[in-house]
Amino acid sequence: MKRVLALLFVTVLMAAACGGGSGSGGSSSGGGSGQTSAADLLKAGQQALKDAKSASFELTVALKLDGNLQNAGAGAALLQGPLSLSLKGQAGKADAGSGKFDVHFALNFTGGSFSGEALSPDGKTAYIQMPTLLGPGWRSVDISKEASGAGSSGSSGSTDQSLQQLKALGLDPSKWLKNLTVSTSDDTDTIAADLDIARIIADAASASDSPISAKDQKQLDEIAGAVKTAHASESFDHSTHLPSAISAEFAFDVPADLQKDANGLTGLDIKIDATFSDWNEDFSVTAPSGATPLDQGGLFSGLAAA
């Protein structure tokens, strides 16, 4: 079961890619009988991304946890109440083929906030500036081992591999979407769909190596019924097929039978919105001078204290 669930979360946003032409559905402001299917749009987007060298992006994550989290540990104060994270910057490939990025970020939570900047000119060393937690100046982090450990296949290769693993288990991710629509407005194509949580859980249970007890099945059914929203959409430039926006929302009420083991959590609502622009426009990143190695223990203790 754990193996199946791990694969599920890697691939759910790409589920339509397995549907061939069968999952086109939906309406369009100007598509008519020539409406492109979701699978075709995703395939074209993946192909366009293979040749992409850089992009600017803005991403926001809004998280709301309901309940009394005072007993949830050291991070309870951080999580109690609305929390929002914003990222804005550029990412791409350096001259040597490694990654480079320059990102400004801000985290706002009940009782406080902090902001900073993270950049890397070569994908080997990252530099972080967070005055509130780390004091003045820049800190450096060696990320070369993590970067090399990620492999050369990229996220597309990882997704393809995960999809193949799911198919080998007899699972069909194309069936995990419902209310699938494809629409076209001006120069943008958009795919939108809801995740069929009940179907995902049922498929995961059927692929499990161990039998599901009546008690476990009851809990799985309660979890599926407790999902209020599981919706995602992705937009592409009509001519280049490169992504222009992604949004997702997941809302969930913890079933009453499970609340006693949820450390006071009764529900959650997470929303993610991202926009992309300036595809393949080059940018420069300069390593700051005088950076000192980051004491990761100091970083985590600063977060706990916040």
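Couple of notes before you dig in:
- Search result, residues across the stretch 161-191 that are in contact (Cβ under 8 Å) with a residue 60 or more places away in the chain and over 30 Å from ASP209 (Cα atoms): LEU180, THR181, VAL182, SER183, THR184, SER185, ASP189, ILE191
- Candidates in the stretch 62-89 are the residues that are modelled with pLDDT of 85 or more and over 17 Å from the mean Cα position of the chain (by Cα); of these, the one that is surrounded by the fewest Cβ atoms within 10 Å (Cβ to Cβ) is PRO82.
- With respect to the conditions (1) crowded, with 17+ Cβ neighbours inside 10 Å; (2) over 14 Å from ALA91 (Cα atoms), ALA126 lacks only one, and its number is (2).
- Qualifying residue in the stretch 289-296 (condition: touching a residue at least 40 places away in the same chain (Cβ under 8 Å) and on the phi > 0 side of the Ramachandran plot): yes
- Only one of the numbered conditions (1) under 26 Å from SER84 (Cβ atoms); (2) surrounded by fewer than 17 Cβ atoms within 10 Å (Cβ to Cβ); (3) at pLDDT 95 or above is not met by THR240, and that is (1).
- Complete set of residues in the stretch 202-213 that are of a type in the set (Ser, Thr, Tyr) and either surrounded by fewer than 15 Cβ atoms within 10 Å (Cβ to Cβ) or closer than 17 Å to VAL254 by Cβ (or both): SER206, SER210, SER213
Table: residues versus (1) surrounded by 17 or more Cβ atoms within 10 Å (Cβ to Cβ); (2) touching a strand residue (DSSP E or B) at 6+ places or on another chain (Cβ under 6 Å); (3) more than 23 Å from LEU41 (Cβ to Cβ).
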site	(1), (2), (3)
ILE200	yes, no, no
LYS215	no, no, yes
GLU222	no, no, yes
ILE272	no, yes, no
ALA291	yes, yes, yes
ASP295	no, no, yes
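- Filtered by the rule that a residue be within 30 Å of SER277 (Cβ to Cβ) and touching a residue at least 60 places away in the same chain (Cβ under 8 Å), the stretch 202-237 gives ALA232, GLU234, PHE236.
- Here LEU163 does not qualify as modelled with pLDDT under 95, over 21 Å from the mean Cα position of the chain (by Cα), buried (at least 17 other Cβ atoms within 10 Å of the Cβ) and aliphatic (A, V, I, L, M).
- The lone exception for LYS178 - which of (1) assigned to a strand (DSSP E or B); (2) modelled with pLDDT under 95; (3) touching a helix residue (DSSP H, G or I) at 6+ places or on another chain (Cβ under 6 Å) it fails: (3)
- Count - residues of the stretch 177-198 that are more than 20 Å from the chain's Cα centre (by Cα), surrounded by 15 or more Cβ atoms within 10 Å (Cβ to Cβ) and not acidic (Asp, Glu): 5
- Among (1) at pLDDT below 95; (2) of a type in the set (S, T, N, Q); (3) out of contact with any helix residue (DSSP H, G or I) (no Cβ under 9 Å at 6 or more places or on another chain); (4) part of a strand (DSSP E or B) - the single one THR266 does not satisfy: (3)
- Yes/no for THR229 being under 25 Å from ASP66 (Cα atoms), surrounded by fewer than 18 Cβ atoms within 10 Å (Cβ to Cβ) and hydroxyl-bearing (Ser, Thr, Tyr): yes
The values are calculated or read from the model by the stated rules, or taken from the named source; none is laboratory data. Keep in mind that what you see is a predicted model, and the values were worked out from it rather than measured. As a convention, Cβ positions derive from the backbone with ideal geometry for all residues, glycine included, and neighbour counts pool all protein chains shown.
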